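*Asks:* Please find one structure pasted underneath; my questions will follow.
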Amino acid sequence: MSIDSLVTESDRISVNPDFAKHSHVNGPELYEESQSDRLGFWKRQAQNLDWIQPFDEVLEWDRPYAKWFLNGKLNASANCLDRHLDGPRRHKAALIWEGEQGDIKTVTYAQLHRQVSQLAYQLHHRFKVKKGDRVTLYMPMVIELVVAVLACARVGAIHSVVFGGFSAQSLKDRLIDSDSKLVITADGGFRRGSVVNLKGIVDTALKDNDTSVKDVIVVRYAQNKVEMTANRDVEYDTVIRDDQSHFEPVPMDSEDPLFILYTSGTTGKPKGIVHSTGGYLTHAQYSTKVVFDLKDSDVYWCSADVGWITGHTYLVYGPLLNGATVMMAEGAPDYPDKDRFWSIINRHQVSIFYTAPTAIRAFMKWGDAYPNRHDLSSLRLLGTVGEPINPEAWRWYYDVIGQSRCPVVDTWWQTETGGIMISTLPGYHDQKPGQAGCPLPGIEAAILGNDGEHIKMGGGLLSLTQPWPSMLRGVWGDPDRFNEVYWSRFETYFAGDGAIKDEDGYYKVLGRVDDVLNVAGHRIGTMEVESCLVDFESVAEAAVVGINDEIKGQAIMAYVTLKEGAKQEDDLASQLSAHVAQSIGPIAKPKFIVITPELPKTRSGKIMRRILKNIAEGAESGDTSTLANPDIVRDLEAQVSAMKVPAT
Ligand code: WT7
């Protein structure tokens, strides 16, 4: 075989004809349909939902404000549950759940519907949760979390799910920003064998009485001892009543918000991304069906936590709208052992598996023996999301997990886009390892140059050039920020990612171009970490940069200077690290902290982060002549190389 053909072969994997034969999409028809009449295409997709009142117009676009499926009325939980009850899906498993302790539960559509209705009844009647009220969910990966999400949707409340790894302070900030009146939490969840005391964290967040939270519902799960505050806290089990299990879904306007989900941006304060009901659900249903080729016979597993957008769209809404059987698991991939995921796939005969590149790189490092212990022949499709996947990891996933049989979909999207924007369609597109693929039918994207000019082929900034149904409708309580972050740079939506488009129209997404890091698929703003560090008593200044990390994609490196006269304690770095974990959450902990007498600055006093990044990565520091204090660069280089920062 010549080198040429080897290269071509490894760069491109043709569509598997066996897969394509039975796939929902195996020809160009959807693309043709959407290109000849984009709005007509979306209208037909929306008609796959159950509308209580049909919409009379597809789109009203007054940049940057979009309204989709105008005057239509529907309810998200009715679409995920009620409409499956009349046919063969009634007693089909909606959720197969496995806790970290090994307990397994299966809930059918009929049972899930009943549980959701029971909780919705209580939310409405007992807790007086009304349409448009905000409810915060701070829960482990248990079935009650899905129940709570859908119960909020059933009564028309806007849910704000806060990932259980966030600190009390982060939770409190989100409770205040969203003005939530109710919190649903649990006595704990499991992570690598230990109990995370979620209720204790809620108590800390509420202790100053400066939120609008009136009630806290506590799910008993970890059998962890928790304090119950009278007139505020109640146990979930004492709330739910069997004789009150009927609650009619509240008709919501297509444009009514379905949820808020906080994500990091370039300033210290996270943004509450707002999603609508009709448009969001339309895209969730459609994209899940075409990208994952989801069928009734599948067992579909998305390993993301419901606290992230991936969990919202591709664990809860998308698959349930399609009447699928969803695998849901609590805990880490390496506990009790590094084969946890493969044993789950084998035990529950998972056929579609969706996870993050950071996990795949860890699996790869742990070695083939772990997957090889298990029969993975039930798998037929694999997916990845959250950050760029390097071709080596892609290959490993394809060869070892998919046994060169399963297509791999590399899906690009964001909290803001609500659902997948760019991917291959597994029965139609060839795959190119390391490249996400093409905009889905109905989605228009482009690569723009710095001045907004369209770049037909090559690299630039990724933009979505037409409104789409699941686009964010705003930043909660902050319309200016919505305009500024997404709509001020270009005419069209600014994604904040750099990308390259090739001759076949495939996009390779390179990563963020702003001050946002992607650590193990989690979005973290450098400013957030910096403002947290300067909060620490002895710290004067902080500068945070991202460095390449073999497993996590990126890791955080922080440089700090101390206040005049502050004593540098021996364990200062670990104190700072603990401080970050406490104020933001363990996911934001820096990998390296460099304590330095000065930061490199321009003569006008601006911290040169570019130089700090070069130092961190052991790269040439380049031109330092514009610095007010060029000598510090050499000192820092010496200090950092002594820390054995991985060379990149
Ligand atoms: C950022 C969005 C969307 C769910 C998970 C993350 C990066 C996401 C890919 C991909 C390269 C990707 C981008 C994006 N990203 N998917 N397939 N290839 N990069 O959601 O926290 O809103 O982060 O994740 O940088 O902007 P998020």
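*Asks:* For segment 90-118, give me each residue that is part of a strand (DSSP E or B) and open to solvent by less than 30 Å² (accessible area, probe 1.4 Å).
*Replies:* Passing the criteria: ALA93, ALA94, LEU95, ILE96, TRP97, GLU98, VAL107, THR108.
*Asks:* A further question on this structure: Checking the structure you have, find out if any residue of segment 538-552 is within 13 Å of the ligand (Cβ to nearest atom), in contact with a strand residue (DSSP E or B) (Cβ under 7 Å, 6 or more places away or on another chain) and outside any loop (DSSP other than H, G, I, E, B).
*Replies:* Looking through segment 538-552, at least one residue is within 13 Å of the ligand (Cβ to nearest atom), in contact with a strand residue (DSSP E or B) (Cβ under 7 Å, 6 or more places away or on another chain) and outside any loop (DSSP other than H, G, I, E, B).
*Asks:* For ASP399, work out the one condition from (1) assigned to a loop (DSSP other than H, G, I, E, B); (2) more than 16 Å from the ligand (Cβ to nearest atom); (3) open to solvent by 10 Å² or more (accessible area, probe 1.4 Å); (4) farther than 18 Å from VAL290 by Cβ it doesn't fulfil.
*Replies:* (1)
*Asks:* Could you name every one of the strands (runs of 3 or more DSSP E) located completely within segment 127-192 that has at least 3 residues being open to solvent by less than 10 Å² (accessible area, probe 1.4 Å)?
*Replies:* The strands (runs of 3 or more DSSP E) meeting that bar are 134-138, 158-161, 182-186.
Listed here are the residues, each with its yes/no results for (1) modelled with pLDDT of 95 or more; (2) touching a strand residue (DSSP E or B) at 6+ places or on another chain (Cβ under 9 Å); (3) within 13 Å of the ligand (Cβ to nearest atom).
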{"site": "LEU448", "(1), (2), (3)": "yes, yes, no"}
{"site": "LEU462", "(1), (2), (3)": "yes, yes, yes"}
{"site": "TRP476", "(1), (2), (3)": "yes, yes, no"}
{"site": "ASP480", "(1), (2), (3)": "yes, no, no"}
{"site": "SER488", "(1), (2), (3)": "yes, yes, no"}
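*Asks:* Restricting the first residue to segment 513-537 and requiring it to be closer than 12 Å to ALA588 by Cα and of a type in the set (A, V, I, L, M), which pairs with a second residue that is assigned to a helix (DSSP H, G or I) and within 14 Å of the ligand (Cβ to nearest atom) meet a Cβ separation below 6 Å and a spacing of at least six or different chains?
*Replies:* Pairs that qualify, where the first residue is closer than 12 Å to ALA588 by Cα and of a type in the set (A, V, I, L, M) and the partner is assigned to a helix (DSSP H, G or I) and within 14 Å of the ligand (Cβ to nearest atom), are ALA520/THR358; ILE524/ALA588; VAL529/ALA588.
*Asks:* Across segment 323-345, what is the total count of residues that are closer than 24 Å to ALA78 by Cβ and out of contact with any strand residue (DSSP E or B) (no Cβ under 9 Å at 6 or more places or on another chain)?
*Replies:* Result for segment 323-345: 0.
*Asks:* Ok, one more. Does segment 497-507 hold any residues that are within 11 Å of the ligand (Cβ to nearest atom) and surrounded by 20 or more Cβ atoms within 10 Å (Cβ to Cβ), and which are they?
*Replies:* Scanning segment 497-507 gives ASP497, ALA499, TYR507.
*Asks:* Of everything in segment 195-211, what is exposed (fewer than 13 other Cβ atoms within 10 Å of the Cβ) and not charged (D, E, K, R)? Give them in sequence order.
*Replies:* If the condition is that a residue be exposed (fewer than 13 other Cβ atoms within 10 Å of the Cβ) and not charged (D, E, K, R), then ASN209 is the only one that fits.
*Asks:* Output the residue which, of all residues in segment 520-530 that are more than 10 Å from the ligand (Cβ to nearest atom) and crowded, with 21+ Cβ neighbours inside 10 Å, is farthest from VAL306 (Cα to Cα).
*Replies:* Among those that are more than 10 Å from the ligand (Cβ to nearest atom) and crowded, with 21+ Cβ neighbours inside 10 Å, it is GLU530.
Matching residues to (1) away from the ligand (no atom under 15 Å from the Cβ); (2) open to solvent by 10 Å² or more (accessible area, probe 1.4 Å); (3) without any contact (Cβ under 8 Å) to a residue 60 or more places away in the chain; (4) farther than 22 Å from HIS312 by Cβ:
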| residue | (1), (2), (3), (4) |
| --- | --- |
| ARG405 | yes, yes, no, yes |
| ASP410 | no, yes, yes, no |
| ILE422 | no, no, no, no |
| HIS429 | no, yes, no, yes |
| CYS438 | no, yes, no, yes |
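*Asks:* If a residue must be more than 9 Å from the ligand (Cβ to nearest atom) and open to solvent by less than 30 Å² (accessible area, probe 1.4 Å), how many such residues does segment 508-519 contain?
*Replies:* 2
*Asks:* Further question: Condition check: out of contact with any Leu (no Cβ under 8 Å at 6 or more places or on another chain) and either closer than 30 Å to GLY132 by Cβ or away from the ligand (no atom under 16 Å from the Cβ) (or both). Does HIS275 satisfy that?
*Replies:* Values: out of contact with any Leu (no Cβ under 8 Å at 6 or more places or on another chain): no; either closer than 30 Å to GLY132 by Cβ or away from the ligand (no atom under 16 Å from the Cβ) (or both): yes.
For HIS275, the condition - out of contact with any Leu (no Cβ under 8 Å at 6 or more places or on another chain) and either closer than 30 Å to GLY132 by Cβ or away from the ligand (no atom under 16 Å from the Cβ) (or both) - is not met.
*Asks:* Which residues, counting only those in segment 89-111, are small (Gly, Ala, Ser) and either touching a residue at least 60 places away in the same chain (Cβ under 8 Å) or closer than 26 Å to ARG191 by Cβ (or both)?
*Replies:* Within segment 89-111, ALA93, ALA94, GLY99, GLY102 qualify.
*Asks:* Within segment 13-42, can you find the residues that are open to solvent by less than 90 Å² (accessible area, probe 1.4 Å) and of a type in the set (Lys, Arg)?
*Replies:* First, the residues of segment 13-42 that are open to solvent by less than 90 Å² (accessible area, probe 1.4 Å): 13-16, 19-20, 23-28, 30-31, 33-34, 37-42.
Hit for segment 13-42 is ARG38, nothing else.
*Asks:* Given the residues ALA520, ALA558, which is the only one that is aliphatic (A, V, I, L, M) and at pLDDT 95 or above?
*Replies:* ALA558
*Asks:* How many residues, within segment 318-335, are of a type outside the set (Gly, Ala, Ser) and within 16 Å of the ligand (Cβ to nearest atom)?
*Replies:* Number satisfying all stated conditions: 1.
*Asks:* Might you let me know whether segment 366-388 holds any residue that is within 15 Å of the ligand (Cβ to nearest atom), open to solvent by 50 Å² or more (accessible area, probe 1.4 Å), on the phi < 0 side of the Ramachandran plot and not polar (S, T, N, Q)? Walk me through how you get there before you give the answer.
*Replies:* The first filter runs over segment 366-388 and keeps only residues within 15 Å of the ligand (Cβ to nearest atom), leaving 382-388.
Narrowing further to those that are open to solvent by 50 Å² or more (accessible area, probe 1.4 Å): 388.
Imposing the further condition that a residue be on the phi < 0 side of the Ramachandran plot reduces the set to 388.
After this cut, where a residue has to be not polar (S, T, N, Q) as well, the list is 388.
Checking segment 366-388: at least one residue is within 15 Å of the ligand (Cβ to nearest atom), open to solvent by 50 Å² or more (accessible area, probe 1.4 Å), on the phi < 0 side of the Ramachandran plot and not polar (S, T, N, Q).
*Asks:* Something else about it: Just checking, does segment 336-349 include any residue being open to solvent by 50 Å² or more (accessible area, probe 1.4 Å), more than 12 Å from the ligand (Cβ to nearest atom) and closer than 22 Å to HIS522 by Cα?
*Replies:* Yes.
Rundown of residues vs (1) more than 20 Å from MET643 (Cβ to Cβ); (2) polar (S, T, N, Q), yes/no style:
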residue	(1), (2)
ARG523	yes, no
SER531	yes, yes
VAL539	no, no
LYS552	no, no
GLN575	no, yes
VAL580	no, no
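*Asks:* Further, regarding this structure: Sort out which residues of segment 593-617 are surrounded by 15 or more Cβ atoms within 10 Å (Cβ to Cβ), closer than 22 Å to ASN548 by Cβ and not aliphatic (A, V, I, L, M), and write them in order of number.
*Replies:* THR596, PRO600, ARG609, LYS613, ASN614, GLU617
*Asks:* Any residue in segment 380-402 that's farther than 17 Å from GLY367 by Cβ and of a type in the set (Lys, Arg): show its pairings with residues that are more than 12 Å from the ligand (Cβ to nearest atom) and in a loop (DSSP other than H, G, I, E, B) at Cβ separation under 6 Å, as long as the two are six or more apart or on different chains.
*Replies:* Cβ pairs passing all conditions: ARG380/SER351; ARG380/CYS406.
*Asks:* Next up: Would you check which residues across segment 334-360 are in a strand (DSSP E or B) and in contact with a helix residue (DSSP H, G or I) (Cβ under 8 Å, 6 or more places away or on another chain) and list them?
*Replies:* Across segment 334-360, the qualifying residues are PHE353, TYR354, THR355.
*Asks:* Being within 15 Å of VAL385 (Cα to Cα), at pLDDT below 95 and of a type in the set (D, E, K, R) is the filter here, so list the residues in segment 499-517 that pass it.
*Replies:* ARG512 - this is the single residue of segment 499-517 that is within 15 Å of VAL385 (Cα to Cα), at pLDDT below 95 and of a type in the set (D, E, K, R).
The values are calculated or read from the model by the stated rules, or taken from the named source; none is laboratory data. Please read these numbers as outputs of a predicted model, since none were measured by experiment. Note that each Cβ is placed from the backbone with ideal geometry, even for glycine, and that neighbours are counted across all protein chains shown. With ligands, DNA and RNA removed, areas are computed over all heavy atoms of the protein, side chains included. Shrake-Rupley method; radii C 1.70, N 1.55, O 1.52, S 1.80 Å.
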